[in-house]
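Structure first, commentary second.
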Amino acid sequence: MIVFKTLLIFGLGGQEILLIALIVLLLFGGAKIPELMKGLGKGVKSFKDGMKEIDDEVKKADDEVKKTDE
């Protein structure tokens with residue numbers, strides 16, 4: 001339901017979403033869609049892990065700066 005609300009913000013209605021889904025199904029076939037979603041999920045997870053690493057490094061550097069200031 002949240003996905004449809006988000007897409008409606010971009011001006012896509014129910015018919016447009018259905019048309020896009022059918023085109024994707026025709027282009028990739030039913031067997032390839034789960035593989036595509038799995039790859040997309042791995043990519044998102046990798047991106048989140050990278051962002052977490054950057055966050056951790058910034059916190060570590062901030063802690064080191066605070067220690068040297070004391």
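Straight-line cross-link reach from Lys66 at under 15 Å between alpha-carbon atoms covers these aspartates and glutamates, not counting any fewer than eight positions away in the same chain: Glu57. The 3J(HN,Hα) values that the Karplus relation (6.51, -1.76, 1.60; θ = phi - 60°) gives for the range 14-25 are, in residue order, x, 5, 5, 5, 4, 4, 4, 4, 5, 5, 4, 4 Hz. Gly and Pro appear as x. The modelled label-to-label distance between Leu27 and Asp62, using points 7 Å beyond Cα along the C-beta direction, is 4.1 nm.
Each residue of the range 39-48 was assigned a 3J(HN,Hα) from its phi angle through the Karplus expression (A = 6.51, B = -1.76, C = 1.60, θ = phi - 60°), giving x, 5, x, 5, x, 5, 5, 4, 4, 5 Hz with x at Gly and Pro. Model label sites at Asp55 and Leu12, defined 7 Å from Cα along the beta-carbon direction, differ in position by 2.7 nm. The stretch between Ile20 and Lys48, if pulled fully straight at 0.36 nm per residue, gains 7.4 nm over its current Cα-Cα span.
Bear in mind these aren't lab numbers, they're just calculated from the coordinates by the rules spelled out. Quick caveat: nothing in here was measured; it's all calculated off a predicted structure. Note that we place each Cβ from the backbone using ideal geometry, even for glycine, and neighbour counts take in every protein chain shown.
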